[in-house]
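Take a look at the structure below.
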Amino acid sequence: MPSGTTLSSEPALRPAVMEKRRRLLHRIALCAIAAPRRIVAIAALVMVGAAIFGVPVAGSLAAGGFQDPGSESARATRVLTETFGRGDMQLVFAVTDPAGVDSASARAAGLAIATLVGEDPAVADVVSTWTVAPEAAAALISADGRSGLVVAELTGDENTAPRIAQALVDEVATTVQPRHETVAVLAGGSSIVYSQINSQTLRDVLLMEAIAIPLTFLVLVWVFKGLLAAALPVAVGGLAIVASMSVLRLVAMWTDVSIFALNLTTALGLALAVDYTLLIVSRFRDEVAAGAPRDRALVTTMVTAGRTVLFSALTVALSMAAMLLFPMYFLKSFAYAGLATVALCAVAAIVVTPAVIALFGDRLDAFDIRRMLRRTPAAEPRGEQMFWYRSTKFVMRRALPVGLAGTALLVSLGLPFLGVSWGLPDDRVLPSSATAHRVGDMLRTEFSDNSEAAVTVLVPDAEGLTPQDFERYAAEASTIEDVSMVSAPTGTFADGRRVGPPAGGAGVQGGIAYLTVGSTTASFSPESERQLDRLRALPGPGGRPVQMTGIAQINRDSVESIMARLPIVLGIIAVITFVLLFLLTGSLVLPVKALVLNALSLTAAFGALVWIFQDGNLGALGTTPTGTLVVNMPVLLFCIAFGLSMDYEVFLLARIREFWLAGGRRDNDESVALGLAHTGRVVTAAALIMSISFGALIAAQVSFMRMFGLGLMLAVLIDATLVRMVLLPAFMHLMGRWNWWAPAPLARWHARRTGTAEQNANPTKSGAAIASNGRRRPRHGWVERGGGPQLSRGDGAGAQLAEPGLMAWRDTVRTAVREHLEDFVRGECARRLDGGGVDVAAELLCGFLDGGKYVRSTYMYLGWLCGEREDTAALRASASLELLHTFALIQDDVMDSSPMRRARPSAHVALGRWHRDRALSGSASRFGESAAILLGDLCLVWAEEMLRRSGVDADALARVWPRYDAMRTELAIGQLSDLLNSCQTFPTLPEVLDVLRRKSGNYTVRRPLELGAAMAGCSADVADALSGYGAAIGEAFQLRDDILGVFGSPSLTGKSVRSDLEDGKATSIVVAAYELAGPRLRRQLAELMQSPEIGAADVDRWRTLIRASGAVQWIEEQIARRHDAALRFLDGAAIPAAPRAALAEMAVACTQRAA
C-alpha cells in the first residue's frame, strides 16, 4: 500500500448511509483500543466456559444420518419398529472354530451368544446357524464350514442401537468368550459399524488435531513473522471451535446431529481463524508500514479488512446453509457445524484480533524467526516488486493460451467424475483391522447369504390376505436371480418351494405383514440394483402394494432424494453467490466468472476423488474401495468447498476493486495485478494452512472422512493457486473493462446502496447525456427541490445527497469538465494549429487532460455552489483551471526531466518522439523540451481565454481577475523557489513548507475556492471560511503528494517513485526525515541525496531510512491536523448543507488518496 493511503472496498468519499454500516466495526476498533485487556479476559472466560460445556458433545452425537427420513425405506422401517419392534439395525456375531461349526465348542458358544442376546429386551429377533432349520442354516455357514453366524435384529435406531450393540458385545466378550477359548468370536453388522465409527471418529479428531495444530503453528510462525503473532489465530480458532462444540451440543438437545460434524468444526475453525486473522494482521501491518499511527491503522484495518471478513463469512455461511435443504441429518449436521463455526470465527476474529493487536502493540512481532535469520532488516516489498505482481503480469500477457491450458487441465482432471457411482457407507469405511470390517468381508466372501444385503418387504395393508397369498409371493420371489431364500409368515422358501418354517424376519400383526428376502449379491453392486428392480416389479401378496427397505432400497432412496434436491440447492448457491458478488463489485460479469471458475476447480477435485477412492488408484490411499462414492460426500464437499472458494474470491475482488476505483476505473490489468500483489501472499499462505487443516483429515481411519479431507485439500489448493492466481487474471484480462459492467439501472441501485457510485462500466466510451432534441442535458450540480439540496442527474431526476452520493456527483462533474475541455481544446487546435504542422498537439493535450483528477475545477465549482445554483457557464469557467494546471505540469516535467505523467509519456518526451519518428533535423530531445514549453505557454493563454469565453457575466468575472492574477503569480514564484531549493542539499523545513504552500497548496484548493466564491458573489464570511479551509486542505494535499512521490504506486500516481529521489528534490518528507533523524541516519540521508545515480536498491534504502526517522508518521500527523483545521473553518459559516457536505468529503478525498 502506498504510504498513508487507506484503500477500502468503499472509496474514501462515501455518503452518510455507508457510515451507518461501518459504525459497528469502527466501534469495535475503538473498544479494542480503549479496553483491550477486558476484551481478551472476557474472551478467555468465554473460551473456558464453552470448553466445559462443549467438549463432552461427542456423547450427544450419532454416527448415522445418511437416510432420507421421508423416503419409502424410512417409512417402512418406522412401521416395522412400531408394529413389530424391529428396526433396520443388525448385530452379527461370526463364530469360528477350526474344528467346524458342528463341533461342541462352536455349538455351545453359538447357542450361548444367541441366548444371551435374545434375552435383551432391545433385541427383536435372533437367528443363528444352530437354531434354524437345516435348510435355512446352510446360508448361515461359511464355505469352509468353520464359521457360523448369530444375527440379531435390534429395535433401536441408528442413535440408540449402536450403544445397545456395543454393550452386548462387551458382555459376550466377558461372559462367553472366556469359557470357549478355542472359538473366535467377531462382532459386526450395521449397529457395530456405527459404534466403531463413533469411537474411531473421536480418535481421528484427536489425531487430526495432533497433526494439524503443530504443523499449522510452524507455518504460522513463518507467515505471521513471530511466535506471539502465530499464537493469535490458534487462540481465535480454539475459541471458535469450543464455542461451536457448545452450539452443536445445544442443537443435539432437540434434533439429531452427526458425530462427523466434529471433524468439520475442528478443521474449518482452525482454517478460517487463520484466514481471518491473517487478513486483519496483514492489513494492519500494511497501514503501519505506510506511516499511519497504530490506533488509526487499527481503525482503518477494522473498517476495511473487518468488512471483508464479515462479507466472506456471510458468503461461506450461506453456501453451507444450503445443506439444510437436504433431509438427511448427516448433511444438516454439517450445515449446523459450518454455520456455527463460520459465524463464531468471524466474531472472534473481529473482536479478539484488534484487542490483541492493541494490547501487545509492537510486541506482537516479538520472536520473529525470520528476522533472527536475517543479518539486516529487509526492505518492505511494494506491490510492483512482488512475485505475485510479476507473475500476474506474465499471465495476463499470455492470457489466451494460459487460460485455455488451465481450463483444459481442470476439465481433464474432472473427466473421471463422469463415471461416478453412488453408494452408502458400510463396514468397509472402517480400517481393515476393525471387527465390523472383518465380519463384513466374511459375509461377502465366505457366506452364500449376505444378511446385510437382505431386502425387507412390508405389506402395510394385509387385512384379508390368506397364507396362500404370502406363500405364492414368497415362492415367486425366491426364484429371482441371486435370492437365497424368502422368509414368509408361513415358512421359508427357496428356489420356488417351501423348505422349512419361518427363519425369522417375517410376521403378521394388526393388519400389517412383512417378509425378508435373502440375497447373495454384494451391496451397491449392479446385481443388487437389478435384483431390487425385479422384486419391485413383482406384484405384492394378493396384489396388495408393498414397501421395501434394506441397504439396496435405502441406497436408492438416498440417491434419489439427494438428486431431486440437488438442482434446487445448486441454484440457490449460485444465486447467493451471484447476488453477494454483485453487491461487492457492482458487476454482473464477475459473479458469472466466479461461478464458472468455481465449477472448474470443484470438477477437478471430484474427478480425483472418483479416480482414487471409487476406482482404487493409488491404493485408494489405504482405504477399501467399494466401487462407489458415499453419495453425501460430493454434496458436502461442493457446499463447503464452494463457500471456501468464495472466501478467496471475496479477498481478491475486494482488493482488485479498491485499485480499480482508486485508479479512476481506467486500467483493468493494473488493478488486477496490484490486487493480486497485495493479496497473493495472504491467499497463498491461508490456502497452505487451510490445506494442512483439511489434509490432516487424510489421517482419519474412516475412509469417507479421508476422502472428505483430500477433496477439500485439493479443492482449496487448486482454487487458491491455479484458479485464483492464473485463470482469474487471465479471464479478467480477456474481459477487460467488461469485467465491471452492469446495466445502468442496476449500477445506479448499487451506487445508492453502497455509496460507491459505481457507474455503468460499459467499455464503450461514455458520452454526454443527449436529450431528445439533441441538446446536452445537465449532468452535474445541485438543484433546489422541495426536499432541500439535491443532486441533478443526467435524466433530470433529483436524488438526495447520499443517493447516489457525492462520489456520483464528482463523477458527473469530472465528465462534464472533460467534455468542456475537449470541446475547447479541439476547437482551438483546429482553428489555430492546423497550419502549424504540429498535428500531435490536440491529441497530446486531450490525452493529458483526460487523465486528471480535476480537483481544482471541482473546488472552483464548489465555491460557486456555496452562493449560487448550478450553472453550465460556471462549470465551464471552472474547467478552465485545468488548462492552467496543465501549463504548470508540462513546465514542471521539463524542469525535472520527468519521463512520465499520468501513466503516459510526459509532453516533452512525446514531442521528442514525434520529432524522432519523422526523422526531422536537429536534436529530438531539445525540440521536445522547447515545444513542450511553448505548448505549456499556450495552455496558460488558453486558460484565461476559456475563462473569459465561459459565458459567466462580466461583473462576476471582474470579481475573479484579481484573485486569478494572484494565483498565477504565486504559482510562478513558488516554482522559482522550488528550483532554488533544489540547489541546496537540505533546505529547512519551513522553507519547504512555504514553497509547498505557494507552489501547489494555494492553487490546488484555496485559490480555486476563492475564485468560485468571488464569481458567485459570496459574503466575506463565507469567502474567509473557504479560504481558510482551502489553505489547510491545499497544504495537506501536497503533503500527501510528497508521500506518494516516495511510497506511492506508479500505476495509480502515473509517476515513478524514483523520479523525485533521482532528481534530488527536497520534498517535505525527505527534509522532515533529515531534520527528525539522528546523526548517523542524517549522514546516510545526505549521502543518498548527493548520490549521482539512484537505483532500485537505493530507493528501498531511502524508504527504509525515511520510515526509521519517523518522518512518515510526522507528515501523517501534519495532514491530519490540517484536515481537522479545515473542517473547523466551515463551522458556523453560512454555507448550504449540500456543498458543506461535499467540502467535508472532498477533504477526505484529498488527504486520503492513492493517486
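Going through the stretch 1115-1133 one residue at a time, which ones are crowded, with 19+ Cβ neighbours inside 10 Å, hydrophobic (A, V, I, L, M, F, W, C) and within 37 Å of the chain's Cα centre (by Cα)?
Ile1115, Ile1119
Determine whether the stretch 133-141 contains at least one residue that is closer than 25 Å to Gly518 by Cβ and free of Cβ contacts under 8 Å to residues at least 60 places away in the same chain.
Step one: filter the stretch 133-141 for residues closer than 25 Å to Gly518 by Cβ, giving 133-141.
Those still in the list that are free of Cβ contacts under 8 Å to residues at least 60 places away in the same chain too: 137.
Checked against the condition, which is being closer than 25 Å to Gly518 by Cβ and free of Cβ contacts under 8 Å to residues at least 60 places away in the same chain, the stretch 133-141 yields at least one hit.
Just to check your reading of the model, which residue among Val185, Val221, Val234, Val281 is among the aliphatic types (A, V, I, L, M), within 28 Å of Ala58 (Cβ to Cβ), touching a helix residue (DSSP H, G or I) at 6+ places or on another chain (Cβ under 9 Å) and part of a helix (DSSP H, G or I)? Let's see the steps before the verdict.
Working: Val185 fails: part of a helix (DSSP H, G or I); Val221 fails: within 28 Å of Ala58 (Cβ to Cβ); Val281 fails: within 28 Å of Ala58 (Cβ to Cβ).
Of Val185, Val221, Val234, Val281, the one residue that is among the aliphatic types (A, V, I, L, M), within 28 Å of Ala58 (Cβ to Cβ), touching a helix residue (DSSP H, G or I) at 6+ places or on another chain (Cβ under 9 Å) and part of a helix (DSSP H, G or I) is Val234.
So that you can scan it fast, the table gives a plain yes or no per residue for (1) assigned to a loop (DSSP other than H, G, I, E, B); (2) in the same structural domain as Gly622 (by TED's automatic domain parsing); (3) small (Gly, Ala, Ser):
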position	(1), (2), (3)
Ser432	yes, no, yes
His437	no, no, no
Glu463	yes, no, no
Asp469	no, no, no
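Does Pro545 meet the test of being buried (at least 22 other Cβ atoms within 10 Å of the Cβ), farther than 22 Å from Met713 by Cα and more than 32 Å from the chain's Cα centre (by Cα)? Steps first, please.
On the way: buried (at least 22 other Cβ atoms within 10 Å of the Cβ): no; farther than 22 Å from Met713 by Cα: yes; more than 32 Å from the chain's Cα centre (by Cα): yes.
The answer is no for Pro545.
Using the structure shown, decide if Ala907 is closer than 30 Å to Tyr964 by Cβ, buried (at least 20 other Cβ atoms within 10 Å of the Cβ), touching a strand residue (DSSP E or B) at 6+ places or on another chain (Cβ under 9 Å) and not polar (S, T, N, Q). Steps first, answer last, please.
Values: closer than 30 Å to Tyr964 by Cβ: yes; buried (at least 20 other Cβ atoms within 10 Å of the Cβ): yes; touching a strand residue (DSSP E or B) at 6+ places or on another chain (Cβ under 9 Å): yes; not polar (S, T, N, Q): yes.
Against the criterion (closer than 30 Å to Tyr964 by Cβ, buried (at least 20 other Cβ atoms within 10 Å of the Cβ), touching a strand residue (DSSP E or B) at 6+ places or on another chain (Cβ under 9 Å) and not polar (S, T, N, Q)), Ala907 qualifies.
I need the full set of residues from the stretch 294-312 which are without any contact (Cβ under 8 Å) to a residue 24 or more places away in the chain and crowded, with 24+ Cβ neighbours inside 10 Å, in order please.
Matches in the stretch 294-312: none.
Arg249 - would you say it is of a type in the set (Lys, Arg) and farther than 21 Å from Gly59 by Cβ?
Details: of a type in the set (Lys, Arg): yes; farther than 21 Å from Gly59 by Cβ: no.
Here the answer is no, as Arg249 does not meet what is asked.
In the list Ile1135, Ile1106, which residue meets the criterion of being outside any helix (DSSP H, G or I), assigned by TED's automatic domain parsing to the domain that holds Gly1034 and of a type outside the set (Gly, Ala, Ser)?
It is Ile1135.
When the residues of the stretch 893-904 are filtered to those that are modelled with pLDDT of 75 or more and of a type in the set (A, V, I, L, M, F, W, C), which remaining residue is surrounded by the most Cβ atoms within 10 Å (Cβ to Cβ)?
Val894
Name the one entry in Ala261, Ala235, Ala240, Ala267 that is in contact with a Cys (Cβ under 8 Å, 6 or more places away or on another chain) and either under 30 Å from Gln67 (Cα atoms) or at pLDDT 80 or above (or both). Step through it out loud before you land on a result.
Numbers: Ala261 fails: in contact with a Cys (Cβ under 8 Å, 6 or more places away or on another chain); Ala235 fails: in contact with a Cys (Cβ under 8 Å, 6 or more places away or on another chain); Ala267 fails: in contact with a Cys (Cβ under 8 Å, 6 or more places away or on another chain).
The match here is Ala240.
With (1) surrounded by fewer than 24 Cβ atoms within 10 Å (Cβ to Cβ); (2) modelled with pLDDT under 80 as the list, and Leu845 as the residue in question, which single condition is left unmet?
Failed condition: (1).
Does Ala1036 meet the test of being of a type in the set (A, V, I, L, M) and surrounded by fewer than 24 Cβ atoms within 10 Å (Cβ to Cβ)? Please lay out each step first, then the result.
Details: of a type in the set (A, V, I, L, M): yes; surrounded by fewer than 24 Cβ atoms within 10 Å (Cβ to Cβ): no.
In short, no.
Yes/no matrix, rows are residues, columns are (1) of a type outside the set (Phe, Trp, Tyr); (2) surrounded by fewer than 18 Cβ atoms within 10 Å (Cβ to Cβ); (3) modelled with pLDDT under 80:
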| residue | (1), (2), (3) |
| --- | --- |
| Gly922 | yes, yes, no |
| Gly928 | yes, no, no |
| Cys939 | yes, no, no |
| Arg949 | yes, yes, no |
| Met967 | yes, no, no |
| Ser1000 | yes, no, yes |
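Can you spot a residue in the stretch 493-510 that is touching a residue at least 24 places away in the same chain (Cβ under 8 Å) and part of a helix (DSSP H, G or I)?
Of the stretch 493-510, the ones touching a residue at least 24 places away in the same chain (Cβ under 8 Å) are 494, 498-501, 503-505, 507-510.
After this cut, where a residue has to be part of a helix (DSSP H, G or I) as well, the list is none.
Checking the stretch 493-510: not a single residue is touching a residue at least 24 places away in the same chain (Cβ under 8 Å) and part of a helix (DSSP H, G or I).
Tell me, which helices (runs of 4 or more DSSP H) lie completely within the stretch 67-145 with 3 or more residues that are touching a helix residue (DSSP H, G or I) at 6+ places or on another chain (Cβ under 8 Å) and not assigned by TED's automatic domain parsing to the domain that holds Lys332?
On the way: elements: 72-84, 104-118, 134-137.
Answer list for the stretch 67-145: 72-84, 104-118.
Run down Ser1049, Ser1056, Ser1068 and say which single residue is surrounded by 23 or more Cβ atoms within 10 Å (Cβ to Cβ) and either in contact with a strand residue (DSSP E or B) (Cβ under 6 Å, 6 or more places away or on another chain) or at pLDDT below 70 (or both). Give the derivation first.
Working: Ser1056 fails: surrounded by 23 or more Cβ atoms within 10 Å (Cβ to Cβ); Ser1068 fails: either in contact with a strand residue (DSSP E or B) (Cβ under 6 Å, 6 or more places away or on another chain) or at pLDDT below 70 (or both).
Going through Ser1049, Ser1056, Ser1068 in turn, the sole match is Ser1049.
With Ala1108, Ala1138 as the choices, which residue is at pLDDT below 85, surrounded by fewer than 20 Cβ atoms within 10 Å (Cβ to Cβ) and among the small types (Gly, Ala, Ser)? It would help to see each step written out before you state the result.
On the way: Ala1138 fails: surrounded by fewer than 20 Cβ atoms within 10 Å (Cβ to Cβ).
None of the others qualify; the one that does is Ala1108.
Quick test for you: out of Glu446, Glu471, pick the one residue that is under 29 Å from Ser195 (Cα atoms), among the acidic types (Asp, Glu) and touching a strand residue (DSSP E or B) at 6+ places or on another chain (Cβ under 7 Å). Let's see the steps before the verdict.
On the way: Glu471 fails: under 29 Å from Ser195 (Cα atoms).
That would be Glu446, the only listed residue that is under 29 Å from Ser195 (Cα atoms), among the acidic types (Asp, Glu) and touching a strand residue (DSSP E or B) at 6+ places or on another chain (Cβ under 7 Å).
Let's see how each residue does on (1) closer than 28 Å to Gly269 by Cα; (2) in a helix (DSSP H, G or I); (3) without any contact (Cβ under 8 Å) to a residue 40 or more places away in the chain; (4) out of contact with any Pro (no Cβ under 8 Å at 6 or more places or on another chain):
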residue: Pro591; (1), (2), (3), (4): yes, yes, yes, yes
residue: Thr603; (1), (2), (3), (4): yes, yes, no, yes
residue: Phe606; (1), (2), (3), (4): yes, yes, no, no
residue: Leu637; (1), (2), (3), (4): yes, yes, no, yes
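Any residue that is in contact with a His (Cβ under 7 Å, 6 or more places away or on another chain) and assigned to a helix (DSSP H, G or I) - is there at least one of those in the stretch 645-655?
Going through the stretch 645-655, the residues in contact with a His (Cβ under 7 Å, 6 or more places away or on another chain) turn out to be 655.
With the extra rule that they be assigned to a helix (DSSP H, G or I), the set shrinks to 655.
Yes; the residues of the stretch 645-655 include at least one that is in contact with a His (Cβ under 7 Å, 6 or more places away or on another chain) and assigned to a helix (DSSP H, G or I).
So, of the residues in the stretch 328-362 that are closer than 22 Å to Leu566 by Cβ and among the hydroxyl-bearing types (Ser, Thr, Tyr), which turns out to be farthest from the chain's Cα centre (by Cα)?
In this case the residue turns out to be Tyr329.
For Leu45, indicate whether it is crowded, with 16+ Cβ neighbours inside 10 Å and part of a helix (DSSP H, G or I).
Working: crowded, with 16+ Cβ neighbours inside 10 Å: no; part of a helix (DSSP H, G or I): yes.
In short, no.
With (1) under 30 Å from Ser312 (Cβ atoms); (2) in the same structural domain as Ala488 (by TED's automatic domain parsing); (3) of a type in the set (A, V, I, L, M, F, W, C) as the list, and Leu538 as the residue in question, which single condition is left unmet?
Failed condition: (1).
The values are calculated or read from the model by the stated rules, or taken from the named source; none is laboratory data. All values reported here derive from a predicted model rather than from experimental measurement. For neighbour counting, all protein chains shown are included, and Cβ atoms are generated from backbone atoms with ideal geometry for every residue, glycine included.
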